[in-house]
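The values are calculated or read from the model by the stated rules, or taken from the named source; none is laboratory data. Just so you know, these numbers come straight off a predicted model, no measurement behind them. Cβ: placed from backbone, ideal geometry, glycine included. Neighbour counts: every protein chain shown. To get the accessible areas, we keep the full protein, side chains included, count just its heavy atoms, and leave off ligands, DNA and RNA. Shrake-Rupley method; radii C 1.70, N 1.55, O 1.52, S 1.80 Å.
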Amino acid sequence: MKQVRPKKNLGQHFLTDLSIAKAIADTVDACPDLPVLEVGPGMGVMTQYLVEKPRELKVVEIDRESVAWLNEHFPRLRDNILGEDFLRMDLTQVFDGRPFVLTGNYPYDISSQIFFKMLDNKELIPCCTGMIQREVAQRMASAPGTKAYGILSVLIQAWYEVEYLFTVDEHVFNPPPKVKSAVIRMTRNDVMDLGCDERLFRRVVKTVFGQRRKMLRVSLRQLFSETQPQAGFYEQDIMTRRPEQLTIQEFIALTNLVAEQLR
């Protein structure tokens, strides 16, 4: 069977450097004893190293041509090659409700959606590793007060420790992307409850970062289109700050302040 043709509509950039593929596959070793789900294996450049590890492995691939390639070249994985759309999968069914490690060379155009799905299934995914666009990785790992700090930084770091592991150049892909890539690892922290309404937390974070250059007393007004907060709400000290200046704990406190007014 001839090699799989990278498809632009699927955002496919096939990694060609085997040493980098092995290094990414080895990032799952920090979370031992758990089964592994690889997203978007393509022609299995990472899969060939993952399959040698002494743990259960499944791969999910939406591209039918890639699925056919994987079935031909990885016969021992045949029952564990899932020809599905990861974003539509019920992750509780993958390993019969057991937690697992998520990894992959993620398509750039849906990487944020993949991580939002990870957050929705955080009790199933204690560890997530893989390669994404460098700019996205920097946002995920950045600290308060930095230019890259934003929605992904806050929502992911609320539940995961994020490590920016290494940068990958463009020339090791077919076709080469126009940007650099990076490999990251996220490991669940000890937080079991944020101490606020989690859905409102997401809404607050997304709302204020939607106007990141404005003070909170301006951007938060979008949340009160149907009701007005009590007098003094916008005069609190925190309201003169901008979203990139807030720590996660301060976002939690802000969410509780908003919740009081919405009630």
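Computed values, structure above
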{"quantity": "Gyration tensor (alpha-carbon) shape descriptor, the range 94-213, a/c threshold 1.5", "calculated": "oblate"}
{"quantity": "Heavy-atom accessible surface of the chain: percent carbon and sulfur, 1.4 Å", "calculated": "47"}
{"quantity": "Ranked order, His73, His13, His171 - accessible area, probe 1.4 Å, largest first", "calculated": "His171, His73, His13"}
{"quantity": "Along each principal axis, Cα extent of the range 55-162, largest first, Å", "calculated": "50, 27, 23"}
{"quantity": "Spin-label pair Asn256/Gln211, simplified geometry with 7 Å Cα→Cβ offset, distance in nm", "calculated": "2.6"}
{"quantity": "Equivalent ellipsoid semi-axes - Cα gyration tensor, the range 163-257, angstrom", "calculated": "36, 18, 12"}
{"quantity": "Estimated FRET transfer efficiency when R0 is 25 angstrom, pair Thr247-Arg221 (beta carbons, to 0.05)", "calculated": "0.65"}
{"quantity": "Helix-only mean residue ellipticity at 222 nm for the chain, each DSSP H run of n ≥ 4 adding -39500 (n - 2.57), per residue, nearest 500", "calculated": "-8000 deg cm²/dmol"}
{"quantity": "Under 14 Å, Cβ to Cβ, from Arg88 - net charge with Lys/Arg +1 and Asp/Glu -1", "calculated": "-4"}
{"quantity": "Label point distance in nm, Asp197-Arg78, each placed 7 Å from Cα along Cα→Cβ", "calculated": "5.3"}
{"quantity": "Mean accessible surface per residue for the chain, computed with a 1.4 Å probe while every protein chain stays in place, in Å²", "calculated": "50"}
{"quantity": "P(r), alpha carbons of the range 203-263 - 5 Å bins starting at zero, rounded %", "calculated": "4, 19, 34, 29, 12, 2"}
{"quantity": "Label-to-label distance, nm, for residues given as Gln236 and Thr167 (7 Å Cα→Cβ offset)", "calculated": "4.0"}
{"quantity": "The range 31-110: radius of gyration and largest Cα-Cα distance (Dmax), Å", "calculated": "11.8, 32"}
{"quantity": "With DNA, RNA and ligands ignored, accessible area of Thr227 (1.4 Å probe; Å², nearest 10)", "calculated": "50"}
{"quantity": "Potential extension, Lys22-Thr146 segment - 0.36 nm per residue separation minus Cα distance", "calculated": "41.5 nm"}
